[in-house]
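Reviewing the structure listed below.
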Amino acid sequence: MNWLRGELYTFLLAVQFLTRVPLPNWPIYTPERFGASVRHYPTVGLFIGAFSAGVLATASVLLPPLVAVLLSFAATIALTGAFHEDGLADMFDGVGGGNDRNAILEIMKDSRIGVYGACGLVSVLAIKAATLWELTRPLGITGVCLLLVATHALSRWSAVVVIATSTYLRGEGSGKSPGQRIPAPALLFTTVVAAACVAGLFRFFGPPGTASAVVGLVLGHATARFVFERRLGGYTGDCLGATQQLSEIGLYLGVLAWL
């Protein structure tokens, strides 16, 4: 029972970190538990995706698909507090405006958004909305809802891969990342969740569609890492948000390209 309670607290820390869901004021935080909560990021992504899909399905009953997609975006951003979108904008500001590593890191700490961040964020959100809107035609609302659930989990697994394979550049546990290397069992657990999502895509899309989705996810992940690792030699919490966003959009574009 103690193990189960500890695991529940670890999961709730992941929920608290990635969303704005109000939780009981329990004394559950410890640095070790916070670091371990990384293994639950894809699982929390499943719940975020389910929430997004629920809003999309409900709104589409009365409203056109584009409006339903935008309402789903707005609801999801409210649920997460624009957590990942903020990281994306900060990373664009940093790599766009900084001349060296120290300057980039200093810009990324600034809570204000600049031109690079605003343009990057608007572009990504617009492409994401246009892609999902286009996908409602061949897939229907049900197909897009299933895609949302899987993608929100897989894109957060993509961020976990960065934590497991790159170097954290700020003080451990500071900013927007636990900043700890992930033990092999925890990484395996997140990968099992990701594999289950891929299996779900396989049942719906078959081999070609699933392969295109995975290729898109990988390309989004690789694009994010190319941008920040080339300039920084490692990652920050903002880079994880950018990885999640670009992996998400990459998967959507992969499915659209296949269709």
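Identify all residues within region 70-108 that are among the polar types (S, T, N, Q) and part of a helix (DSSP H, G or I); write none if there are none. Even if it seems obvious, please write down each step before you answer.
Taking region 70-108 first, the residues among the polar types (S, T, N, Q) are 72, 76, 80, 99, 102.
Hits for region 70-108 are Ser72, Thr76, Thr80, Asn102.
Could you please find all residues in region 216-231 being buried (at least 24 other Cβ atoms within 10 Å of the Cβ), of a type outside the set (Gly, Ala, Ser) and over 15 Å from Met108 (Cα atoms)?
The one that is buried (at least 24 other Cβ atoms within 10 Å of the Cβ), of a type outside the set (Gly, Ala, Ser) and over 15 Å from Met108 (Cα atoms): Leu217.
Can you say whether Ile127 is open to solvent by 30 Å² or more (accessible area, probe 1.4 Å) and modelled with pLDDT of 95 or more, as far as the supplied structure shows? Can you show your working first?
Details: open to solvent by 30 Å² or more (accessible area, probe 1.4 Å): yes; modelled with pLDDT of 95 or more: yes.
Yes; evaluated as a whole, the condition is true for this residue.
Have a look at Trp133, Trp157 and point out the one that is open to solvent by 10 Å² or more (accessible area, probe 1.4 Å) and within 16 Å of the chain's Cα centre (by Cα).
Details: Trp133 fails: within 16 Å of the chain's Cα centre (by Cα).
Result: Trp157 is the single residue among Trp133, Trp157 that is open to solvent by 10 Å² or more (accessible area, probe 1.4 Å) and within 16 Å of the chain's Cα centre (by Cα).
Out of the residues in region 39-67 meeting the condition of being open to solvent by 30 Å² or more (accessible area, probe 1.4 Å), over 25 Å from Thr243 (Cα atoms) and of a type in the set (Gly, Ala, Ser), tell me which one is nearest to the chain's Cα centre (by Cα).
So, considering only residues that are open to solvent by 30 Å² or more (accessible area, probe 1.4 Å), over 25 Å from Thr243 (Cα atoms) and of a type in the set (Gly, Ala, Ser), the one nearest to the chain's Cα centre (by Cα) is Ala57.
For region 96-118, which residues satisfy the criterion of being surrounded by 14 or more Cβ atoms within 10 Å (Cβ to Cβ) and of a type in the set (A, V, I, L, M, F, W, C)? Explain how you work it out, then say what you get.
Going residue by residue through region 96-118, those that are surrounded by 14 or more Cβ atoms within 10 Å (Cβ to Cβ) are 96-98, 101, 104-105, 107-108, 113-114, 116-117.
Hits for region 96-118 are Ile104, Leu105, Ile107, Met108, Ile113.
Tally time: how many residues in region 3-21 are among the charged types (D, E, K, R) and in a helix (DSSP H, G or I)? Steps first, answer last, please.
Our first condition is that a residue be among the charged types (D, E, K, R); within region 3-21, this holds for 5, 7, 20.
Those still in the list that are in a helix (DSSP H, G or I) too: 5, 7.
Residues flagged as among the charged types (D, E, K, R) and in a helix (DSSP H, G or I) within region 3-21 amount to 2.
Test Ala36 against the stated conditions and say whether it is closer than 21 Å to Ala242 by Cβ, surrounded by 20 or more Cβ atoms within 10 Å (Cβ to Cβ) and of a type in the set (A, V, I, L, M, F, W, C). Explain how you work it out, then say what you get.
Numbers: closer than 21 Å to Ala242 by Cβ: no; surrounded by 20 or more Cβ atoms within 10 Å (Cβ to Cβ): yes; of a type in the set (A, V, I, L, M, F, W, C): yes.
Taking the combined requirement at face value, the residue does not satisfy it.
Show the residue pairs that are 6+ apart or on different chains and have beta-carbon atoms under 7 Å apart, the first residue being within region 192-206 and under 10 Å from Leu154 (Cα atoms), the second being part of a helix (DSSP H, G or I) and at pLDDT below 95.
Cβ pairs passing all conditions: none.
Report yes if Val67 is more than 24 Å from Asp238 (Cα to Cα), part of a helix (DSSP H, G or I) and either out of contact with any strand residue (DSSP E or B) (no Cβ under 8 Å at 6 or more places or on another chain) or of a type in the set (D, E, K, R) (or both), otherwise no.
Numbers: more than 24 Å from Asp238 (Cα to Cα): yes; part of a helix (DSSP H, G or I): yes; either out of contact with any strand residue (DSSP E or B) (no Cβ under 8 Å at 6 or more places or on another chain) or of a type in the set (D, E, K, R) (or both): yes.
Here the answer is yes, as Val67 does meet what is asked.
Can you name the residue in region 232-259 that is assigned to a loop (DSSP other than H, G, I, E, B) and closer than 19 Å to Ala103 by Cα and, of all such residues, is most open to solvent (accessible area, probe 1.4 Å)? Step through it out loud before you land on a result.
Residues of region 232-259 assigned to a loop (DSSP other than H, G, I, E, B): 233-234, 236, 259.
Checking the rest, the ones that are also closer than 19 Å to Ala103 by Cα come to 233-234, 236.
Numbers: Gly233: 51, Gly234: 0, Thr236: 1 Å².
Filtering region 232-259 for residues that are assigned to a loop (DSSP other than H, G, I, E, B) and closer than 19 Å to Ala103 by Cα, the one most open to solvent (accessible area, probe 1.4 Å) comes out as Gly233.
For region 136-154, which positions are within 15 Å of Ser247 (Cα to Cα) and open to solvent by less than 20 Å² (accessible area, probe 1.4 Å)?
The initial filter retains those residues of region 136-154 that are within 15 Å of Ser247 (Cα to Cα), namely 147-154.
Matches in region 136-154: Leu147, Leu148, Ala150, Thr151, His152, Ala153, Leu154.
The values are calculated or read from the model by the stated rules, or taken from the named source; none is laboratory data. Note that the structure is predicted; figures quoted are calculated from it, not measured. FYI the Cβ positions are ideal-geometry reconstructions off the backbone, even for glycines, and counts take in every protein chain you see. Please note that ligands, DNA and RNA were not included when accessible areas were found on the heavy atoms of the full protein model with its side chains. Shrake-Rupley method; radii C 1.70, N 1.55, O 1.52, S 1.80 Å.
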